[in-house]
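Take a look at the structure below.
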Amino acid sequence: MASLEWQRAADTGDTGAMFELGADLRSQGDAEGARTWWQRAAEAGHTAAMSSLGLLLKEQGDIEGARIWYERAADAGEPDGMAALAVLLEEQGDGEGARIWYQRAADAGHVPAMYNLGLLLRQQGETEGARTWYERAADAGEPEGMAALAFLLREQGDGEGARIWLQRAADAGHVGAMSDLGVVLKEQGDAEGARIWLQRAADAGHVGAMSNFGALLKEQGDAEEARTWLQRAADTGHGSGMYNLANLLTQQGDLEGARTWYERAADAGVTDAMTNLGALLDAQGETQQGYAWWQRAADAGDTDAMYNLGIRLHEQGDTQAARTWWQRAADAGDTDAMTLLRDSGGGAGEPSS
């Protein structure tokens, strides 16, 4: 029906036409016109208009008005209203109220509510309940549900199940799933499949995929293309992208460039970058600065940094402090530290990075 016909029907009191006219005006950027007609339809009992009006009011900053209309729609059994009310309640910190309305919307077949209920249950520690709703959302074709289910399955050790759902989500256009699928395929030894999906995600603007794609290209010997993608990731401030770019620059002999990106990654909290920066500074004779970065990395749990600190302390004659750091590294599973501790003399090797 054309807008003019909707207008005529709306003028006669047809609530369906009022709703459609509001939607048409909204699509044309006329928010006030949409609000007028949705208000009239909602007050006349049109439940979809109630939900749409609530959404518009929320966008306009009228949270209380939005909540009123969401509640009216939800109480009338409108699934979109139930789901929207649940989102609003969750945003306001009412987890239990959100759970109730997500559940009702999900039971009514609202697919995004199934996914959101899964997320909320996961946050509340109910992993099996989360899995149930992720599965229902995924089975209903929701890519977010597929990706979330894959992540949960991977955590639970079901790598093959995770791969299957990541593939479905990626095929449905979920960019994050494309990136994760690339990582999983690489772990499973399918470098070509990994390359395809990481590139698709990177081309779609996924920064993590840019970093992982660059790292994969580096491993495959395509240093120039790797540098392009790592630079793109690093320029966004992505920690792993900065760290991986620094590693590549180190490999290419550009130590100043490497130092710059190690520093940026380290400042962003990447512990491996702290350790490598410490090693680079140490090798350049800036021992105290290197020691300081190893200390930060060690305090963050990096075993290579603990090992390195032990070496430098041992060289300075502080055997007890050295063994303390080696013991911490060994307790965390560092085999080099274990070897040093087994050495009756506690002899030191070379710092690692």
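So how much slack lies between Gln289 and Gln123, counting 0.36 nm per residue of separation and subtracting their Cα-Cα distance, in nm?
Result: 55.7 nm gained on full extension.
For Ser27 paired with Asp62, estimate the spin-label separation in nm (one decimal), with each label point 7 Å from Cα along the Cα-to-Cβ line.
About 2.4 nm separates the two model spin labels.
Here are labelled values, (i) 5, 24, 33, 23, 11, 3, 0; (ii) 4, 19, 24, 22, 18, 10, 2, 0; (iii) 6, 17, 18, 21, 17, 11, 6, 3, 1, 0, and one is the computed P(r) over Cα pairs in 10 Å bins from 0, in percent for what I pasted. Which one?
Entry (iii).
If you roll a 1.4 Å probe over the chain with all protein chains in place, what percent of the accessible area is carbon or sulfur?
46 percent
Skip the ligands, DNA and RNA, and give the accessible area per residue of the chain with a 1.4 Å probe, whole Å².
On a per-residue basis, 46 Å².
Distance in nm between label sites at Gln251 and Thr335, each 7 Å beyond Cα in the beta-carbon direction?
Between Gln251 and Thr335, the label points sit 2.2 nm apart.
By how many nm would the segment from Ile100 to Gln7 grow when fully extended, if each residue of separation counts as 0.36 nm and the alpha-carbon distance is taken off?
Stretched out fully, the Ile100 to Gln7 stretch lengthens by 29.7 nm.
222 nm [θ] for the chain, helices only, -39500 (n - 2.57) per DSSP H run of 4+, per residue, to 500?
-24500 deg cm²/dmol
Using θ = phi - 60° and the Karplus form 6.51 cos²θ - 1.76 cosθ + 1.60, what ³J(HN,Hα) does each residue of segment 311-326 get, whole Hz, x for Gly and Pro?
With coefficients 6.51, -1.76 and 1.60, one gets 4, 5, 5, 5, 5, 7, x, 9, 5, 5, 5, 4, 5, 4, 5, 5 Hz.
The values are calculated or read from the model by the stated rules, or taken from the named source; none is laboratory data. The structure displayed is predicted, hence computed values, not measured ones. So basically every Cβ, Gly included, is an ideal-geometry build from the backbone, and we count neighbours across all protein chains shown. When the accessible area is computed, the model is the full protein with side chains, heavy atoms only, and any ligands, DNA or RNA have been set aside. Shrake-Rupley method; radii C 1.70, N 1.55, O 1.52, S 1.80 Å.
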